[in-house]
Amino acid sequence: LFIWDGMSASRYHVCKRLLRDNVYEGLGGKKFVRIRPGSVLASLYPLSKHSPDRCLLCNQSFLNHLTSWWFSKLYTPYDLYLDGTR
């Protein structure tokens with residue numbers, strides 16, 4: 001059962017937007033993020049804590065969730081019978 005984590009998706013998009021506004025270019029073309037203490041970005045950073053397609057129950061992405069569910073049911077006797085009828 002996949003239950004989409006809408007709060008994680010909204011945090012992901014807010015954090016991504018705030019990061020875009022707070023990226024600065026330093027000497028030599030290196031980019032860095034300026035995060036002010038106590039700001040919204042400070043509580044949401046890093047972006048990897050959030051995901052636009054995360055499951056609320058298992059915290060996996062939709063593809064990983066589907067893969068782990070599908071592979072456990074891949075070789076049922078019915079599937080093996082269907083493979084033999086080709």
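The values are calculated or read from the model by the stated rules, or taken from the named source; none is laboratory data. Small disclaimer: the values here were computed from a predicted structure and weren't measured. Quick reminder, even Gly has a Cβ in these numbers, built from the backbone with ideal geometry, and neighbours come from all protein chains shown. Heavy atoms of the whole protein, side chains included, go into the accessibility calculation; ligands, DNA and RNA do not. Shrake-Rupley method; radii C 1.70, N 1.55, O 1.52, S 1.80 Å.
Quick rundown of the values:
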| quantity | calculated |
| --- | --- |
| Hits in segment 37-86 (condition: open to solvent by 80 Å² or more (accessible area, probe 1.4 Å), within 14 Å of the chain's Cα centre (by Cα) and among the basic types (Lys, Arg)) | Lys49 |
| Some residue of segment 12-23 being over 21 Å from the mean Cα position of the chain (by Cα) and assigned to a strand (DSSP E or B) | yes |
| Ala42 vs. criteria in contact with a Pro (Cβ under 8 Å, 6 or more places away or on another chain), in a helix (DSSP H, G or I) and at pLDDT 80 or above | no |
| Residues of segment 1-21 that turn out to be among the polar types (S, T, N, Q) and at pLDDT 85 or above, as a count | 0 |
| Residues within segment 24-36 that are assigned to a loop (DSSP other than H, G, I, E, B) and either open to solvent by less than 90 Å² (accessible area, probe 1.4 Å) or in contact with a His (Cβ under 8 Å, 6 or more places away or on another chain) (or both), tallied | 2 |
| Ser8 vs. criteria loosely packed, with under 13 Cβ neighbours inside 10 Å and in a helix (DSSP H, G or I) | no |
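Let's see how each residue does on (1) out of contact with any helix residue (DSSP H, G or I) (no Cβ under 6 Å at 6 or more places or on another chain); (2) acidic (Asp, Glu):
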| residue | (1), (2) |
| --- | --- |
| Asp5 | yes, yes |
| His13 | yes, no |
| Leu19 | yes, no |
| Tyr24 | yes, no |
| Leu27 | yes, no |
| Gly38 | yes, no |
| His50 | no, no |
| Asn64 | yes, no |
| Ser68 | yes, no |
